[in-house]
Amino acid sequence: MIKGIKIWAVLLIVCVSTMFSACTVRSPEVSKDIFAMDTFMNIRAYGENADEAVELCVHEIERLEDLFDAQDPKSEISALNREKTMEVSIDTADIISRAREVSTITEGAFDITVYPIVKEWGFTSGEYKIPDRDAIEALLENTGQDRIVVGSAGEIPDEKEVLVQMPENYEIGLGGIAKGYASDRLMEIFRQEGIGSGIVSLGGNVAACGTKPDGKPWRVAIENPDTDKKIKALKNTEYIGVVEVSDKSVITSGGYERFFEEDGVRYHHIIDPKTGSPADSGLISVSIISEDGCLADGLSTALFVMGREKALQCWSEHKSMFDCILVESDGSVTITEGIMSCFSSEIPYEVYRQ
Ligand code: AMP
Ligand code: MG
């Protein structure tokens, strides 16, 4: 059994362009690398308050991790998984509500209640195994986000705690959305601190604040999901292409990010809530570009489950909210028309219009 590897997406192009711009613009740069939420992160800000802003961001990530980490018995999510019904912080209530929203627009492809199934496959512990079908069927009985209730009738909006109720045997995990939620909070901190130029990469989930210090958009490279370099059409490149953004998140999900292999078959960490098994939709990576990082994170996971056709249908229905880049197992690349003018690539791609 080959252990899966978590890939830290390196923002090579961003770095190169920043180094260049640093020569021409005298704006103090503060950059910090941390390991949190099970991944490597980089937080970078420019300007007078950059130092303070980056420090606040680090604290915020740690605070959210303490709340959201289902693997940590002391976290609020762990407490909720034990208690099923309890008062939780505004952040926890908020992220569960946001997860519900993503679940609704993706017709259940995003579902934080698949957590016990993710555990059963060993993706939380690294002790990978192919579970018995019976075990998966039994676990599937206790999934479905629509049965989680957030808030009670008559609740006062500025209350510090919100009641969350889950059915017996339910457990939730926020791995598919927490980094996007955190990146939105970091962008808020940047704004409060008056940062006009900054960028964060939370395990390859990128959020860009403003423009680069030289006023040009940030350039975010989209990793080639074909890490074995087997797909001819993807031309052995390191990156699928580059997307230029300001004040937007660029978030990618792919089976290549965490997987194991047994008897020559690859099993990855994104679960289809309908089957309880790794999604087999024909997509090998999905990148979402949106002003809303939390939505982008949830959608990248969900559209990966849905496959090209349903993903594009979802985009057609919500195109003001996001754009996407879809990569299929045969190497076909599709982008949606909203990012036409800010995407560049050396490999052929199709632009989906509606
Ligand atoms: P991401 O890297 O954002 O695509 O998130 C993948 C992680 O989300 C997995 O490691 C699981 O913890 C969790 N997950 C897997 N499948 C789903 C799903 N269908 N809906 C929500 N979360 C999921
Ligand atoms: Mg996600």
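The values are calculated or read from the model by the stated rules, or taken from the named source; none is laboratory data. Since the model is a prediction, treat every value here as computed from it, not as a measurement. Here Cβ is always computed from backbone atoms with ideal geometry, including for glycine, and neighbour counts include all displayed protein chains.
So, in the stretch 294-309, exactly how many residues are touching a Ser or Thr at 6+ places or on another chain (Cβ under 8 Å) and either more than 10 Å from ligand 2 (Cβ to nearest atom) or modelled with pLDDT under 95 (or both)?
4
For the stretch 212-226, which residues satisfy the criterion of being surrounded by 17 or more Cβ atoms within 10 Å (Cβ to Cβ) and either assigned to a loop (DSSP other than H, G, I, E, B) or among the small types (Gly, Ala, Ser) (or both)?
Lys212, Pro213, Pro217, Ala221, Asn224, Pro225, Asp226
Out of the residues in the stretch 26-78 meeting the condition of being modelled with pLDDT under 95 and loosely packed, with under 14 Cβ neighbours inside 10 Å, tell me which one is farthest from Glu193 (Cα to Cα).
Out of the qualifying residues, it is Arg26.
Quick check on the stretch 264-282. Is at least one of its residues within 13 Å of ligand 2 (Cβ to nearest atom) and more than 25 Å from Ile117 (Cα to Cα)?
For the stretch 264-282, residues within 13 Å of ligand 2 (Cβ to nearest atom) and more than 25 Å from Ile117 (Cα to Cα): absent.
Within the stretch 302-317, which residues are farther than 16 Å from Gly180 by Cβ and in contact with a helix residue (DSSP H, G or I) (Cβ under 7 Å, 6 or more places away or on another chain)?
Once the filter is applied, which keeps residues that are farther than 16 Å from Gly180 by Cβ and in contact with a helix residue (DSSP H, G or I) (Cβ under 7 Å, 6 or more places away or on another chain), the stretch 302-317 yields Met306, Ala311, Cys314.
When you go through Leu299, Leu295 one by one, which is the residue that is within 11 Å of ligand 1 (Cβ to nearest atom), within 25 Å of Ser183 (Cβ to Cβ), of a type in the set (A, V, I, L, M) and not in a loop (DSSP other than H, G, I, E, B)?
Numbers: Leu295 fails: within 11 Å of ligand 1 (Cβ to nearest atom).
None of the others qualify; the one that does is Leu299.
Please go through the stretch 166-211 and give me each residue that is of a type in the set (Gly, Ala, Ser), part of a loop (DSSP other than H, G, I, E, B) and more than 15 Å from ligand 1 (Cβ to nearest atom), ordered by number.
If the condition is that a residue be of a type in the set (Gly, Ala, Ser), part of a loop (DSSP other than H, G, I, E, B) and more than 15 Å from ligand 1 (Cβ to nearest atom), then Gly194, Gly196 are the ones that fit.
Given (1) small (Gly, Ala, Ser); (2) closer than 20 Å to Gly173 by Cβ; (3) modelled with pLDDT under 95, where does Ser21 come up short, assuming only one miss?
Just one mismatch for Ser21, condition (2).
For the stretch 325-341, state whether one or more residues are assigned to a loop (DSSP other than H, G, I, E, B), modelled with pLDDT of 95 or more and within 16 Å of ligand 1 (Cβ to nearest atom). Reasoning before the result, please.
So in the stretch 325-341, the residues assigned to a loop (DSSP other than H, G, I, E, B) come out as 329-332.
Restricting the remaining residues to those that are modelled with pLDDT of 95 or more gives 329-332.
Those still in the list that are within 16 Å of ligand 1 (Cβ to nearest atom) too: none.
Taking every residue of the stretch 325-341 in turn, none turns out to be assigned to a loop (DSSP other than H, G, I, E, B), modelled with pLDDT of 95 or more and within 16 Å of ligand 1 (Cβ to nearest atom).
Among the residues of the stretch 200-211, count how many are surrounded by fewer than 24 Cβ atoms within 10 Å (Cβ to Cβ) and under 19 Å from the mean Cα position of the chain (by Cα).
So the answer is 1.
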